[in-house]
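Report on the structure given below.
All of the numbers you see were taken from the coordinates with simple rules; none came from a lab. Owing to the predicted nature of the structure, the values given are computational and were not obtained by experimental measurement. All Cβ positions, glycine included, derive from the backbone under ideal geometry; neighbour counts span all protein chains shown.
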Amino acid sequence: MSRKQKLSGALKAYLFWPVILTLILLCMNLGIYMMDNNAGFVMSFFVIFYFVAATIIYYLHRNKIAAEMVRYAMDYGQVQKRLMKELALPYAILDVDGRMQWGNDEFMDIIQEKKAAKHSISNIFPDITVDTLPQKEKDEILHVSLNGRNYRVFLRKVIAPEFDDEVNFSYYESENAWDGRNALIAMYLFDETEIITLMRENKEQKLITGLLYIDNYEEALESIDEVRRSLLTALVDRKINKYMQGIDAIIKKLEKDKYIIIFQQKYLPFLQSSKFSILEEVRSVNIGNEMSVTISIGLGVNADTYSSGYEYARAAIDLALGRGGDQVVIKDREKISYYGGKSITVEKSTRVKARVKAHAFREFVEAKDKVVIMGHKIGDADSFGAAIGIYRIAKTFNKKAHIVINEVTTSLRPMMSRFVGNPDYEEDLFLRNEQVKEIVDQNTLLVVVDVNRPVYTECEELLDYAKTIVIFDHHRQTNEAIENAVLSYIEPYASSTSEMVAEILQYIGGSLKLKPSEADALYGGIMIDTNNFLTKAGVRTFEAAAFLRRSGADVTRIRKLFRGDMTDYKIKAGAISSTEIYKKHFAIAVCENSDVGSPMVLGAQVANELLDIKEMKASFVLTAFNGKIYVSARSIDEVNVQVIMEKLGGGGHLSVAGCQLENSTIPEAIERIKSTLTTMLDEGEL
């Protein structure tokens, strides 16, 4: 080190004090001269003596002061280096390529392999790669694990104009090795093992509130001898209680077919991995009952309070029942998960619910001035028939009514032509989106039929315009629900919305009488959705059909309305002939639609016909239309196509479902269907 040291800062100012004091004494001496010359001379002597003595002392001890300063700095540096080396916080220095240059004792005790770290820190922490190192003067935080411990890694890039000459990194052979990157990376390790353990334990010990309902309690008891009914109830109750004891749950029966359950969240992954085997266990209870007992469970997870957890469970069980039961729905804040739902929904024999809904609907109709009916996009026979039925209810109570239809398909045009231009109906019966937006106000009742998802409605904006919304639908609910509906009548067991509306018509009162064309529309909706009464046709389906027949529906006339032309038959034949059989039991076909106005209808017809092939469990027909890929999925009773379509963003019923794929080609859509089927088969979901 050079002996010529330049002083600066506070130390230079401190050593300069004798000069400052000399100047102060000279000023004082000058003042004394003004008062007394003799005293001034005496004072001058002492000032000169002080200045000379201070100067001599400064020059004589200057080197000693500098040496003491250097010695103090060296001692301070050694203390600082020792403190860094023995610092309780693991600390290391890396180069810009992730090679460790230095690490303190705590850091070396953790990694244990110094040589591997000097080659690359990734050898110790695989998650820390060159890409994860800070590229700019911005801190990076990573979470890694080593030897069973969890660490939070704090990385900071330090850039200096030039490093001290005494700094020597053995890795670099010359200054050119730096390649202009005069930077180092400081690395800190914070042990967060205990924090993560406590967080995990806290999460696992959270209580989950659940509701368990027996879906078909009354129907199952009626299907067995009276002597065995108590035994069936006891067996089901024992299955439920034994299963809940296995997860250390508290279970309390609220009613004969309703339970509340509470258990710790740590058991939830086990239940999910087993696909909630309680569903199958209860379904397997059979002591001669013709109808299997099914249950539905709704769970509320990660709620902030117990009351909100219970509300989550309530919403989940309502969704499970709205989807047909025999399934578990988990509501984790905004996230919804579904398990089960493989059984065919059971048709309720009682019409009490239909009668109650009819009376409630009548009150809403009477309270409003106008009624606007809206189905789903690219309406079909079912949505049209249901809309016509609601129109007749509105006219019975002398209310102005309109039906929203934007695009009329060729399959629907023959039925619709019986109303357009008919003097019995208003010219503005059918309106487009732009027209109907102008008439909806506070006194308008909006009735949504054959759809319960906002994005699939004919005009989604109307849901915001209208204040009073009523829903009639037979599709299973999803987490995308229409909000603020004052009346929601969603029954997945119903064959069609036209069937539900036909039942409402019988209880609405007001001397309602259907015209033959209206009865034909409703009957046609049921006929199309049930594939000529072959799919999902129950007792109430035929009762609704009988009511419509009495009201003037003509089967022959309806059959003529739905006849296709030769082009349609050729397209269907081509789709069937090019069908691919996947995994021996799944038929996948493509329906070309270049000359067809209703390609989705043809796709559904092809899907239905493919089920007539032996060993076919499900069929999937893809149709490209208006920039989207429409998938029609059908099954008889062996596969739940609704669950498959939900994984692709769609929905429907156990045997009738579909979805719409955007930004996709036909080959890509087929590959997505195949991969979904493969995954579900491997996981045992099919």
Farthest positive-ward along the chain dipole, Cα basis, beta-carbon charges - from Ser655, Met500, Val643: Met500
In degrees, nearest ten, helix 516-529 long axis to first principal axis of the chain (Cα): 60
The chain: angle of helix 566-577 to the longest principal axis, Cα-based, in degrees nearest 10: 60
Student exercise, the chain dipole from Lys, Arg, Asp, Glu Cβ charges, in Debye to nearest 20: 680
Segment Glu662-Leu60, extension gain: residue separation times 0.36 nm, minus the distance between their alpha carbons: 207.7 nm
Extension gain from Thr678 to Ala39, taking 0.36 nm per residue of separation minus the Cα-Cα distance: 218.8 nm
Helix-only mean residue ellipticity at 222 nm for the chain, each DSSP H run of n ≥ 4 adding -39500 (n - 2.57), per residue, nearest 500: -13500 deg cm²/dmol
Using alpha-carbon coordinates, inclination of helix 193-204 to the longest axis of the chain, degrees: 20
Spin-label zone in segment 396-423 - amide nitrogen under 11 Å from a point set 7 Å from the Cα of Ile439 along the C-beta vector: 400-405
Pairwise FRET efficiency - Ala116 versus Tyr493, Cβ, R0 = 45 Å, nearest 0.05: 0.10
Dipole magnitude of segment 567-682 about its Cα centre (Cβ charges: Lys, Arg +1; Asp, Glu -1), debye to nearest 20: 100
Ranked Glu683, Glu609, criterion: other C-beta atoms within 10 Å, fewest first: Glu683, Glu609
Space enclosed by the convex hull of the alpha-carbon atoms of the chain, per residue, Å³: 309
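For Ala360 and Glu671, what is the calculated FRET efficiency with R₀ set at 51 Å and r taken between the beta-carbons, to the nearest 0.05?
Efficiency for this residue pair is about 0.65.
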Highest to lowest packing among 481-491, 652-662, scored as the average C-beta count within 10 Å: 652-662, 481-491
Sorted by Cβ density within 10 Å, fewest first, the residues Glu204, Glu140: Glu204, Glu140
Span per principal axis, largest first, for the Cα atoms of segment 352-561 (Å): 42, 37, 33
Exposure proxy order (Cβ contacts within 10 Å, fewest to most) of Met84, Met199: Met199, Met84
Potential extension, Phe625-Phe49 segment - 0.36 nm per residue separation minus Cα distance: 196.5 nm
Gyration tensor (Cα) of segment 402-509, equivalent ellipsoid semi-axes in angstrom: 22, 19, 15
FRET efficiency, 1/(1 + (r/R0)^6) with R0 35 Å, evaluated for Asn241 and Lys614 via beta carbons: 0.20
